[in-house]
Each structure stands twice: as C-alpha cells, then as structure tokens.
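Quick notes on the structure that follows.
Read-outs: derived from the displayed coordinates by stated rules, not from any lab. Keep in mind that what you see is a predicted model, and the values were worked out from it rather than measured.
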Amino acid sequence: MSAKKTHSKAKKSHAAPPKDDAHDTHEAEATAQAEAQQATPPNGDGQTAAEAAPSAVTETTTKEAAEDNVSARLEQAEARAAEYLDSLQRERAAFQNYKRRVERERADQTKVAEAQLLLKLLPVLDDFYRAMDAVPEDQHNEWYEGVALILRKLERFLQDAGVSEIEAVGKPFDPTYHEAVGMETNSEAESGTVTEVLQRGYMLGERVLRPALVRVAE
C-alpha cells in the first residue's frame, strides 16, 4: 500500500507544470523588442534610431533658432548700414554745398577787391584824358606821343581786366548807366538824349563800375 503511494507521488513530481498564456505573451514581446534593438544599427554616438530621434529634433530646432537669430542680426546690421550711408550722404552734400558757397564768396571777394583797385585807377585815367585834351594840336610832339603811349597801355590794361567804357553821347538817358549833372536847353537833340559827357563811365563785365556824368537835352 505504501509502495503504490510512493510510485504515484513520483509520477506527479515528474509531470510538466501547465503553462500560463499571459506569461508567454510577455516573453514574446520582450523577445521581439530585443530582436528589433539588435536589428537597428546604432548611430555614431552608440545610440539606436529610436534613442537618437528626440536628439535630432532638438538639434534641428536649435539650428533653426540660430538661423533666425543670424537673420535678425543681419537685418539689423543692414538697417544700421543704410542709416549710416544716408547720414554720410547728407553730410557729404552739406560739405559740398559749404565748399561751393565758400568758393563763391571767395570769388565775390576777389571781384570786389579787383573792382576797388580798378575804381582807384579811373581818376588817373581821367587826368590823362584831360592832359591830352589840353595840349594844342600844333604841339603834338614827341613828348605828347610818349604820354599817348602810356595812356594806351593803361587803356589796354583796363580792357584786359574786363573794363569797358559806357557809351553815352547820342544815347537815351538811362539812370542805370548815366548820372545827369545838368540839362541842355539849346540843344537840337531829342529830349532825354545825352548831349555831353563830363566824365567817362565804365563797366566791369556786366556790372557798372562807375556811371558816366552827362548833360541831357531838355
């Protein structure tokens, strides 16, 4: 009786235990995951594609942010450069205007100085004319010719400087060029016409250097 019980227990101890379906499913998933990890080659850092994916996204975002930052700085630099260029152009234009104004003022001052010098020479020229007119015709000797030569040189000097004599006799009186010092009552000339020049007038270019002193027909 005891031998049969012992034989029965031995059979039970050698019998395989029943399998659990849930446990089998878990083991199958673990095996598939391990095979997938082995099948996926690691990247340069020793990471698999699944592990490297979040890192790649972060790296891409960082690059985009850096590019946006560079673009913003470039736009600011371009705007600043345009502002500097505009300021430089304005300063250059202002300097050019100042330079032209200084040159114009300098030229005007030079003309004024020349006019003052020439104006001082006119009384000398008047004296030459009076002296030449006072010499009788029968005394036009070598001395007279020498003085006439000096007078011609003075006239040539004034012409080269841009001085010209104002025409007056026979011309209508013009207060711009003539200064009346008397009226001619017995003249046959038309009324308002210059009949006599008492002192020659001169122009310096288009500017009146000295008006002519004249007598006008009444």
Across all directions of projection, what mean area in square nanometres is found for the Cα convex hull of segment 125-175?
-> 4.9
With N residues in segment 99-218, what two-decimal value do you get for its Cα radius of gyration over 2.2 N^0.38 Å?
-> 1.30
Whole-number D in µm²/s for segment 162-218 (Stokes-Einstein; Kirkwood sum over Cα pairs; 25 °C, 0.890 mPa s) = 220
